[in-house]
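Engineer: I have a structure I would like to understand better, so I am pasting it below and will then ask my questions one at a time.
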Amino acid sequence: MRRILSRALLLSSLLLAIGLLYWVIQWFINLPYSGVQIITAKSIITMDEAQPRVEAVATQNGMIIGRGTLDELLQQWPESKQSHFPNQILTPGFIENHLHPAMAALLLPFEWITPFAWDLPNKSVPSTQGEENYRQRLRAIADSYHNKDDSEWLITWGFHSDFHGEMSRELLDQLVPDRPALVWHRSFHEIWLNSKALALGDISAEELESVHGVDIDNGHFYETGLELALVKFKNYVIKPGRFMDGMEQVVDVVHSGGITTIADMAAGMFDMTAEWWAMKWELDDRQTPFRTRLVPMVKRIGDVPGSPEAIAEAGALLEKGNDQLKYVKQVKLLADGAFYSLLMQMRNPGYLDGHSGEWLTPPAELEELASTYWKAGYQLHIHTNGDLGTDVVLSMINRLQTQWPREDHRTTLHHLGYIGPDQAEKIAALDVLVSANPYYLHTLGESYSQRGLGPQRARNIFRGRDLLDAGVSLSLHSDFCMAPAQPLKLAWVAVNREGAGGSVMAKEQQISVHEAMKAITIDAAYAIRMEDQVGSIEVGKFADFAILDEDPYQAPKNRLKDIPVWGTIYKGEVFPIETSQ
């Protein structure tokens with residue numbers, strides 16, 4: 001018996017040793033190349049005005065150490081390793097300075113019923129338009145759940161009344177009668193629940209009275225009311241296993257867009273600690289081919305937002321992480337409501353049907369929070385969508401700069417769906433930056449011409465030309481899942497201003513291909529204070545590149561969105577996109 005136990009122990013030890021040896025070998029095999037690497041391609045676009053194109057780039061330990069002709073670099077490093085992309089174009093890795101990994105991780109595993117098609121690495125989603133088509137699609141999904149337990153929630157994302165008709169608790173009860181169901185609006189700022197789901201929330205009359213943005217009879221929670229819903233239904237909606245599956249999909253989505261740096265522009269939107277560990281697990285990995293900068297949401301810092309304790313907590317966050325995943329001295333604030341929901345704050349004459357927009361943060365509270373972090377030296381990123389919302393935010397920034405002057409404050413307005421013709425100059429005068437979502441124009445310009453804004457304002461969604469002519473530093477973002485995380489597609493919208501129906505809107509607001517490329521590289525880096533590290537191919541910066549199958553400067557400008565992304569180079573390592581193999 002002892003001999004058997006002894007042999008079993010010996011075998012176990014041997015297997016453990018083999019396993020450890022295998023792990024060590026794999027670790028060494030997967031170590032990045034530490035010598036000098038010279039990379040050449042059909043063409044290399046640097047986004048550096050001093051030397052717009054080069055023949056070759058030298059990298060070592062993840063950094064760019066040289067650029068120029070191949071002969072020049074070989075003379076300097078004759079023993080270097082060479083990597084050649086004879087049919088591809090290299091650009092700086094794209095910068096996505098407003099994306100929500102946690103929101104995307106939540107939504108990606110759900111059922112998508114969207115007005116326009118999506119081509120994602122892990123699934124393709126067909127276009128669904130028309131009231132009856134939407135309802136048939138939702139019924140079909142409900143029928144496909146017949147083998148699932150009745151307690152399993154059916155959650156869909158992508159509903160928009162302009163394309164799908166009206167939504168209500170009563171209608172959802174008819175379409176999904178047998179299980180809890182939740183319809184998430186395309187904006188993410190609204191949800192509808194059926195009766196079975198609503199009954200699980202145990203929402204008191206006092207809670208309903210204390211929160212604006214709830215129509216309980218219709219099972220409708222929107223803007224500030226959504227916060228109550230997320231508290232009440234969090235355990236049903238945010239399932240840890242499903243959320244981590246979604247975070248894994250986020251990695252594929254980001255990589256497929258040629259993106260090598262992202263900013264989570266509302267870190268902690270659901271739960272600061274849980275999100276940190278989820279991203280630590282999935283994103284803080286050498287095989288994740290992009291870095292993440294975390295910009296925390298002010299209302300999620302501390303028990304009392306803006307308090308001295310909250311400021312101390314924000315400071316402590318800066319000690320966490322490394323280049324792959326870390327917090328930065330920047331914060332996110334919210335002004336007016338969602339553009340997809342027609343809840344942004346608009347100047348007179350307001351909305352065509354007379355309804356009013358919403359404040360995500362009342363102006364007085366917004367200014368109190370902004371002033372606290374402004375005085376503490378934080379860069380402010382402010383979500384604002386309508387021209388009235390922008391007026392309020394610009395007046396606030398003017399007061400902050402007057403009372404507590406700061407150089408290089410880089411306050412950045414995000415989204416900026418619609419501004420008036422006078423506002424670009426005002427933005428420039430305050431040295432304010434803009435990170436815009438041009439995709440609103442593509443998906444909503446034609447629809448909002450008929451409903452909400454009318455043709456004159458709708459055609460001028462995203463005034464890119466006005467902003468650049470005024471001297472504003474402009475970058476483009478997806479706010480994924482509000483737009484595809486495909487910087488070239490965002491550039492295509494900004495350059496062509498083509499709606500989903502094919503019409504070209506406000507051609508005078510088009511920007512050039514070069515301006516659009518800057519807006520997804522060096523100017524996008526500038527908005528998050530990373531222009532010294534990424535955004536152009538220069539010595540001393542990270543060796544991050546997007547590998548394209550066509551030259552964006554030579555392809556017809558209406559084909560920008562169709563240029564295939566072959567893969568990326570991140571810190572000198574090549575990461576092909578699997579579908580392009």
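Each value in this text was obtained by applying a stated rule to the coordinates, not by laboratory testing. Since this is a predicted model, take the numbers as computed values, not measurements. Methodologically, a virtual Cβ is constructed for each residue, glycine included, from the backbone with ideal geometry; neighbour enumeration extends over all protein chains shown.
Engineer: Restricting to region 217-249, what's the tally of residues that are touching a strand residue (DSSP E or B) at 6+ places or on another chain (Cβ under 9 Å) and farther than 19 Å from W184 by Cα?
Structural biologist: Summing the residues that are touching a strand residue (DSSP E or B) at 6+ places or on another chain (Cβ under 9 Å) and farther than 19 Å from W184 by Cα in region 217-249 gives 0.
Engineer: Additional query: Mind listing whichever residues of region 311-357 are over 22 Å from the mean Cα position of the chain (by Cα) and either surrounded by 22 or more Cβ atoms within 10 Å (Cβ to Cβ) or within 30 Å of K571 (Cα to Cα) (or both)?
Structural biologist: Applying the first criterion (over 22 Å from the mean Cα position of the chain (by Cα)) to region 311-357 yields 311-313, 315-316, 319, 345-357.
Across region 311-357, the qualifying residues are G315, A316, E319, Q345, M346.
Engineer: Any residue that is assigned to a loop (DSSP other than H, G, I, E, B), among the aliphatic types (A, V, I, L, M) and closer than 24 Å to P484 by Cα - is there at least one of those in region 252-275?
Structural biologist: Checked region 252-275: at least one residue is assigned to a loop (DSSP other than H, G, I, E, B), among the aliphatic types (A, V, I, L, M) and closer than 24 Å to P484 by Cα.
Engineer: How about region 237-270: which of its residues are crowded, with 24+ Cβ neighbours inside 10 Å and of a type in the set (D, E)?
Structural biologist: Within region 237-270, D264 is the sole residue that qualifies.
Engineer: Within region 198-227, track down each residue that is more than 17 Å from L106 (Cβ to Cβ) and assigned to a helix (DSSP H, G or I).
Structural biologist: In the first step, residues of region 198-227 are kept if they are more than 17 Å from L106 (Cβ to Cβ); the result is 198-220, 222-225.
Listed by number, the residues that qualify are L198, A205, E206, E207, L208, E209, S210, I216, D217, N218, T224, G225.
Engineer: Filter region 126-163 for residues that are among the acidic types (D, E) and either touching a Cys at 6+ places or on another chain (Cβ under 7 Å) or not in a helix (DSSP H, G or I) (or both) and give the result. Show your work before the answer.
Structural biologist: If we filter region 126-163 for residues that are among the acidic types (D, E), which is where we start, we get 131-132, 143, 149-150, 152, 162.
Answer for region 126-163, where residues must be among the acidic types (D, E) and either touching a Cys at 6+ places or on another chain (Cβ under 7 Å) or not in a helix (DSSP H, G or I) (or both): D149, D150, E152.
Engineer: Tell me which of these R559 doesn't satisfy, since it passes every other one: (1) at negative phi; (2) surrounded by fewer than 23 Cβ atoms within 10 Å (Cβ to Cβ); (3) outside any helix (DSSP H, G or I).
Structural biologist: (3)
Engineer: What is the number of the single condition among (1) touching a residue at least 40 places away in the same chain (Cβ under 8 Å); (2) surrounded by fewer than 23 Cβ atoms within 10 Å (Cβ to Cβ) that A546 does not meet?
Structural biologist: All conditions pass for A546, except number (2).
Engineer: So, one more: Condition check: assigned to a helix (DSSP H, G or I) and within 27 Å of V251 (Cβ to Cβ). Does A525 satisfy that? Show your work before the answer.
Structural biologist: On the way: assigned to a helix (DSSP H, G or I): yes; within 27 Å of V251 (Cβ to Cβ): yes.
Considered against the rule, which asks whether it is assigned to a helix (DSSP H, G or I) and within 27 Å of V251 (Cβ to Cβ), A525 comes out as yes.
Engineer: Still on this structure, I have one more. Take the residues in region 367-407 that are in a loop (DSSP other than H, G, I, E, B) and in contact (Cβ under 8 Å) with a residue 12 or more places away in the chain; name whichever of them is surrounded by the fewest Cβ atoms within 10 Å (Cβ to Cβ). Explain how you work it out, then say what you get.
Structural biologist: Just the residues of region 367-407 that are in a loop (DSSP other than H, G, I, E, B), to begin with: 376-378, 385-386, 404-407.
Adding the requirement that they be in contact (Cβ under 8 Å) with a residue 12 or more places away in the chain leaves 376-378, 385-386, 404, 406.
Numbers: A376: 12, G377: 9, Y378: 22, N385: 30, G386: 29, W404: 11, R406: 14.
Here the answer is G377.
Engineer: Every residue in region 293-315 that is assigned to a strand (DSSP E or B) and farther than 20 Å from E367 by Cβ, please. Write out each step before concluding.
Structural biologist: Of the residues in region 293-315, the ones assigned to a strand (DSSP E or B) are 293-297.
R293, L294, listed by residue number.
Engineer: Here's a check for you: in region 102-116, which residue that is touching a strand residue (DSSP E or B) at 6+ places or on another chain (Cβ under 7 Å) and among the aliphatic types (A, V, I, L, M) is surrounded by the most Cβ atoms within 10 Å (Cβ to Cβ)?
Structural biologist: Filtering region 102-116 for residues that are touching a strand residue (DSSP E or B) at 6+ places or on another chain (Cβ under 7 Å) and among the aliphatic types (A, V, I, L, M), the one surrounded by the most Cβ atoms within 10 Å (Cβ to Cβ) comes out as I113.
Engineer: List the number of the failed condition for Q287; all other conditions in (1) over 17 Å from the mean Cα position of the chain (by Cα); (2) not in a loop (DSSP other than H, G, I, E, B) hold.
Structural biologist: Going through the list (1) over 17 Å from the mean Cα position of the chain (by Cα); (2) not in a loop (DSSP other than H, G, I, E, B), Q287 breaks only (2).
Engineer: Separate question: Looking only at region 117-147, count how many residues are under 17 Å from H160 (Cβ atoms), surrounded by fewer than 16 Cβ atoms within 10 Å (Cβ to Cβ) and among the charged types (D, E, K, R).
Structural biologist: Total meeting the criteria: 2.
Engineer: Right, next: Would you please name the residue that is nearest to H185 (Cα to Cα), looking only at residues in region 316-363 that are part of a loop (DSSP other than H, G, I, E, B) and of a type in the set (D, E, K, R)?
Structural biologist: Looking only at region 316-363, we keep the residues that are part of a loop (DSSP other than H, G, I, E, B), and these are 318-320, 323-324, 328-329, 335, 337-358, 360-362.
From what's left, of a type in the set (D, E, K, R): 319-320, 323, 329, 347, 353, 358.
Values: E319: 36, K320: 34, D323: 35, K329: 32, R347: 25, D353: 20, E358: 16 Å.
Applying the filter and picking the extreme gives E358.
Engineer: While we're looking at this one, here's another question. Tell me, yes or no, whether region 421-435 has at least one residue that is within 13 Å of E96 (Cα to Cα) and either buried (at least 24 other Cβ atoms within 10 Å of the Cβ) or touching a strand residue (DSSP E or B) at 6+ places or on another chain (Cβ under 8 Å) (or both). Let's see the steps before the verdict.
Structural biologist: Filtering region 421-435 down to residues within 13 Å of E96 (Cα to Cα) leaves 435.
After this cut, where a residue has to be either buried (at least 24 other Cβ atoms within 10 Å of the Cβ) or touching a strand residue (DSSP E or B) at 6+ places or on another chain (Cβ under 8 Å) (or both) as well, the list is 435.
Yes, that holds for at least one residue.
Rundown of residues vs (1) in contact (Cβ under 8 Å) with a residue 24 or more places away in the chain; (2) buried (at least 24 other Cβ atoms within 10 Å of the Cβ), yes/no style:
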position	(1), (2)
L467	yes, yes
G499	yes, no
Y553	yes, no
P564	no, no
Y570	yes, yes
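Engineer: Let me ask something else about it. What are the residues in region 42-101 that are charged (D, E, K, R), assigned to a strand (DSSP E or B) and surrounded by fewer than 17 Cβ atoms within 10 Å (Cβ to Cβ), if any? Quick ask: steps written out before the conclusion?
Structural biologist: Step one: of region 42-101, the residues charged (D, E, K, R) are 42, 48-49, 53, 55, 67, 71-72, 79, 81, 96.
Now drop any that are not assigned to a strand (DSSP E or B), which leaves 42, 53, 55, 67, 81, 96.
Correct list: K42, R53, E55, K81.
Engineer: Give region 178-206 a look and list any residue that's in contact with a Lys or Arg (Cβ under 9 Å, 6 or more places away or on another chain) and more than 14 Å from G219 (Cα to Cα), or say none. Outline the logic, then answer.
Structural biologist: Residues of region 178-206 in contact with a Lys or Arg (Cβ under 9 Å, 6 or more places away or on another chain): 178-181, 192-198, 200-203.
Within region 178-206, D178, R179 qualify.
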